[in-house]
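Visitor: I am attaching a structure below and will ask some questions about it afterwards.
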Amino acid sequence: MTRLNKKFLSVIMSISLISATVTGCGKANTETAGGGDVQSDAALELPTAETKDEAEAASLEVTSEAEENTQESETGDTSGHPMDSSVMTPWINSTIIGMVTEDVNADLKDDFYLNVNHDWLMNAKLRPGYPTELPLLDAADIVKDRCLDMLTDTSLTGEDAEKIQNYYELWLDWEGRNETGIDPILPYAQKVRNISSLDEMSKLLVSEENFTWGVSLARVGLSLNRENSTLYEVQISPTELSLQDSAEYKELTENGKRTQKANKETAYYMLGRVGLSETEIDKVLQDMYDFEAKLAEYEKSVLEKSDPAYVTASVNPVTMKDIKTLSPNYPLAEYMENYGWSKSKLINLGEPEWLTGLNELYTEENLEGIKAYILFHSIGAYISIIDEEAYREYQRISNEASGTTENMPDTELAYSDTRGRFSNCFGRIYKEKYLTEEMKQEITKLCQDAIDAYDEMFDSVDWLSEETRKEAKNKLHKMKINAVYPDKWEDESIYVVKSKEEGGTFLQALLDYDAALRKDYLSRLNTTIDRDIWLVDMLETNAFYNPLDNSINIIPGFFCDASYRSDMSLEEKYGALGSVIGHEISHAFDTSGAQFDAEGNLNNWWTDEDYAAFKERANKLVAYYDKVVAFDDGTAYKGQLVQTEAIADMAGLKCMLMMASKIDGFDYDKFFRANAYMWARVGTVEYMEAAVLSDNHPLHYLRANVTMAQFDEFVDCYDLKEGDGMYMAPEDRIAVW
Ligand SMILES: [Zn+2]
């Protein structure tokens with residue numbers, strides 16, 4: 001069972017979010033699928049009921065950063081983590097929960113974020129099941145409460161309500177789930193264990209049985225063609241590693257150690273359930289890590305994938321014939337033929353070196369490692385799917401890994417999983433009940449105003465040639481504004497959930513879902529995408545830029561007191577939602593997005609000179625972040641990872657400041673405070689460390705402080721002088737735009 005998640009968005013674009021539970025512009029986990037990813041941003045990656053294993057196991061999925069919210073739930077307390085803040089630079093990491101106490105405060109001129117949010121940071125409590133807390137979570141709560149109503153409102157009728165209510169009921173049906181238990185997966189587990197030759201392994205990997213119950217060593221999924229992004233294509237990419245990032249196999253981080261521990265406990269529990277002894281499980285784990293370590297040599301790391309050059313490097317069109325030539329040992333071609341992928345005229349191989357490596361490693365000699373990989377990744381993922389005992393164990397393990405101390409309520413987990421699969425069903429009902437045409441018009445106008453401000457911004461920068469400026473403006477004015485709700489929806493009648501009353505079970509619902517998803521994906525091969533249908537889950541607490549159709553997506557899941565209310569003052573609207581809109585627009589022109597043209601196709605429209613000037617400015621920002629230290633172990637940031645998001649934050653604020661400059665009596669203090677408050681956040685150390693390794697957004701105290709320090713309006717508003725912590729001399733500033 002592939003346990004797929006049907007967020008097409010993610011399938012197609014791979015959102016950018018944070019990983020491991022965290023997240024920033026999306027949800028957790030950064031699996032940057034290269035340039036085509038949707039950039040999400042708002043910065044939130046909220047925990048969901050989905051497990052990392054689910055996402056990992058999804059062999060169809062092209063990866064979404066957004067989705068792999070690894071650990072789901074968590075909350076945590078940090079007592080017991082006395083931090084040495086003296087090594088943190090340039091400000092203390094006030095997003096670590098417990099760091100801010102009554103006596104820890106800063107002058108507004110020295111640490112604006114800490115000063116503005118002091119009381120909030122000091123008093124914030126983690127919600128049950130969450131490793132992080134932020135005012136923006138109120139947006140997720142608003143959506144959650146409304147969706148929980150939909151899930152239990154028996155007066156709702158129609159296909160959408162029926163599907164989500166049926167699925168939700170089956171998820172919560174512990175009695176039924178316990179009755180199903182682990183039995184259905186035992187034959188598959190036994191089959192893997194019995195394999196004694198590579199030939200048998202190959203036969204299993206290309207079989208329907210494996211498509212239903214297992215994972216394979218390559219991920220094949222649906223995506224959009226980078227050179228003509230109206231066309232679907234099949235994307236082949238490396239499979240997940242249990243430590244999530246290939247860099248972990250060279251140098252294990254603290255986060256990697258936590259993941260390894262969680263993997264071990266998952267294996268002890270689940271492989272024990274299918275009959276392995278402790279000694280056998282130890283051997284599986286060892287064999288798997290040994291094999292993954294060899295495979296990791298050929299896979300790009302999270303950091304490498306954040307290199308703007310990865311966008312083009314990961315575009316490698318291949319034919320089925322090429323695949324047979326490149327991978328004569330590993331049966332990728334046969335897998336694709338049997339599954340149905342091979343009928344696609346367009347196939348892309350993300351990392352050719354990886355396939356070469358996999359093919360070389362696919363030998364009789366490595367058979368035990370390969371078996372261990374399949375066993376762990378397939379069976380381990382069922383921990384959150386089978387019965388209640390397994391689920392509680394899964395909760396315990398993931399809570400520990402993320403520093404969370406309290407379980408998320410089952411109803412919330414069930415809701416989260418339901419929405420993950422049927423987001424459009426919720427979206428359609430939500431639109432009818434809670435959204436208005438006025439709201440859509442207001443947000444559309446704010447987006448249009450921001451686009452117009454960018455036009456002026458491009459005129460004001462002196463390092464762009466006329467030629468590039470013209471192209472930039474062309475892309476800007478062709479940008480599609482997806483605000484609040486779509487006018488056209490996907491036909492999803494293929495997805496059916498048999499209710500408990502009709503004899504449905506949770507496991508069967510998942511199997512049916514996966515089967516429908518496969519049919520759905522295969523039916524799209526060799527066709528074009530309908531761009532009027534949105535790819536995002538509009539109820540997600542986030543905002544996105546999609547380079548593949550040059551659209552900004554400003555969705556209602558992001559709206560709450562801290563981000564947008566129709567009765568907010570103009571200054572607050574600009575400082576909060578407005579700056580996020582400006583941020584999204586910037587992704588069209590950042591080091592990754594700039595490689596796509598106005599139509600969403602990979603196509604360089606920069607002159608070499610201008611792109612070099614742009615890169616030089618971006619490098620200054622990278623160098624700045626390389627010196628930032630957010631934890632008391634002195635480990636520095638990796639500037640490359642956060643460059644596009646940091647650039648976007650600054651451009652977003654600048655765009656709003658340009659709009660502000662035209663308004664008499666604009667209250668800048670109100671504006672900057674609204675921005676700093678929107679980014680208020682605390683979380684466990686575990687969560688924050690995972691974020692720094694895999695989220696492409698800077699931690700929130702940096703998002704606020706570093707961004708504001710770039711602007712004269714900020715300096716003037718608070719009368720900053722050299723020596724103030726928030727003062728950055730004009731020659732030291734790092735804003736690209
Ligand atoms: Zn972003």
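Visitor: Which pairs in the list LYS144/LYS433; LYS191/LYS300; LYS109/LYS721; LYS324/LYS345 are over 20 Å apart, alpha-carbon to alpha-carbon?
Guide: Flagged as over cut-off: LYS191/LYS300.
Visitor: Another question, then. For the chain, what is the mean residue ellipticity at 222 nm derived from helices alone (per DSSP H run of n ≥ 4: -39500 (n - 2.57); sum divided by total residues; nearest 500 deg cm²/dmol)?
Guide: -14500 deg cm²/dmol
Visitor: Starting from the 7 Å offset along Cα-to-Cβ, what nm value, one decimal, do you get for the label separation of GLU251 and ASP145?
Guide: Rounded to a tenth, the inter-label distance reads 4.7 nm.
Visitor: Given N residues in the chain, what is Rg(Cα) / (2.2 N^0.38 Å)?
Guide: Ratio of Cα Rg to 2.2 N^0.38 Å: 0.91.
Visitor: Placing +1 at every Lys and Arg Cβ and -1 at every Asp and Glu Cβ, with all other atoms neutral, what dipole size does the range 608-737 have around its Cα centre, in debye to the nearest 20? Could you put the intermediate results ahead of the total?
Guide: Working: 13 positive and 23 negative charges, 50 e Å.
Approximately 240 debye in magnitude.
Visitor: Please sort 546-555, 607-616, 401-410 by packing, taking for each peptide the average over its residues of neighbouring beta carbons within 10 angstrom, highest first.
Guide: 546-555, 401-410, 607-616
Visitor: Okay, next question. Would you work out the charge dipole size for the chain about its Cα centre, treating the Cβ of every Lys and Arg as +1 and the Cβ of every Asp and Glu as -1, and quote it to the nearest 20 debye?
Guide: The calculation lands at about 1280 debye.
Visitor: I would also like to ask the following. Under a point spin-label approximation (7 Å from Cα along Cα-to-Cβ), what is the GLN448-ARG396 distance to one decimal in nm?
Guide: 5.8
Visitor: What's the local net charge at ARG193, with K and R +1, D and E -1, over the other residues with C-beta under 10 Å away?
Guide: Spelling it out: positives minus negatives among the neighbours equals +1.
Visitor: Next question. Please give the residues of the range 415-443, grouped as numeric ranges, whose backbone N is less than 15 Å from a label point set 7 Å along the Cα-to-Cβ vector of SER566.
Guide: Only 431-443 pass the distance filter.
Visitor: Using a Förster distance of 30 angstrom, determine the FRET efficiency expected from the C-beta separation of ASP487 and LYS343, and round it to 0.05.
Guide: E(calc), rounded to 0.05, equals 0.40.
Visitor: In nm, give the distance between the simple-model label positions of ASN526 and ASP138, each being 7 Å from the Cα along the Cα-to-Cβ direction.
Guide: About 5.3 nm separates the two model spin labels.
Visitor: In the neighborhood of LYS283, defined by Cβ-to-Cβ distances under 15 Å, what is the net charge if each Lys or Arg adds +1 and each Asp or Glu adds -1?
Guide: -4
Visitor: Using mean Cβ contacts within 10 Å as the protection proxy, how do 723-730, 599-606, 365-372, 577-584 order, highest first? Provide the component values of the computation, followed by the final result.
Guide: Numbers: 723-730: 15.5, 599-606: 17.4, 365-372: 19.5, 577-584: 28.9.
Per-residue mean Cβ counts within 10 Å order the peptides as 577-584, 365-372, 599-606, 723-730.
Visitor: Quick one: grab the alpha carbon gyration tensor of the range 589-737, order the square roots of its eigenvalues as a ≥ b ≥ c, and give me rounded if a/c is under 1.5, else prolate or oblate depending on whether a/b is larger than b/c.
Guide: oblate
Visitor: Next question, about the same structure. Could you order the peptides 684-696, 97-109 from most to least packed, using the average number of other C-beta atoms within 10 Å per residue?
Guide: 684-696, 97-109
Visitor: On full extension of the chain, what length is gained from THR325 through SER197, given 0.36 nm per residue of separation minus the C-alpha to C-alpha distance?
Guide: So the extension gain works out to 43.8 nm.
Visitor: May I pose another question? Between THR154 and ASP512, how high is the FRET efficiency from 1/(1 + (r/R0)^6) when r is the Cβ-Cβ distance and R₀ = 25 Å? Nearest 0.05.
Guide: Calculated transfer efficiency: 0.60.
Visitor: Shifting gears a bit: Along the charge dipole of the chain, Cβ charges K/R +1 and D/E -1, which of ILE386, THR157, PHE559 sits furthest on the positive end?
Guide: THR157
Visitor: For a quick check: sort ILE494, ILE383 by the number of other beta carbons within 10 angstrom, fewest at the front. Working shown, then result.
Guide: Details: ILE494 12, ILE383 24.
Fewest to most other Cβ atoms nearby, the residues stand as ILE494, ILE383.
Visitor: Can you count the Lys pairs in the range 606-707 with C-alpha separation below 28 Å, eight or more apart or on different chains?
Guide: 11
Visitor: Starting from the range 259-351, pick out the GluC sites (Glu not before Pro) whose DSSP state is loop and whose Cβ has at most 16 other Cβ atoms within 10 Å.
Guide: When the GluC sites (Glu not before Pro) of the range 259-351 are filtered for loop state and at most 16 Cβ neighbours within 10 Å, GLU297 remain.
Visitor: Let me ask something else. Compute the FRET efficiency between THR312 and THR635 as 1/(1 + (r/R0)^6), taking r as their Cβ-Cβ distance and R0 = 45 Å, and round to the nearest 0.05.
Guide: With R0 = 45 Å, the Cβ-Cβ based efficiency is 0.90.
Every number here is computed from the coordinates shown, using simple stated rules; none is lab data. Everything numeric here is computed off the predicted structure, so don't read it as measured data. Quick reminder, even Gly has a Cβ in these numbers, built from the backbone with ideal geometry, and neighbours come from all protein chains shown.
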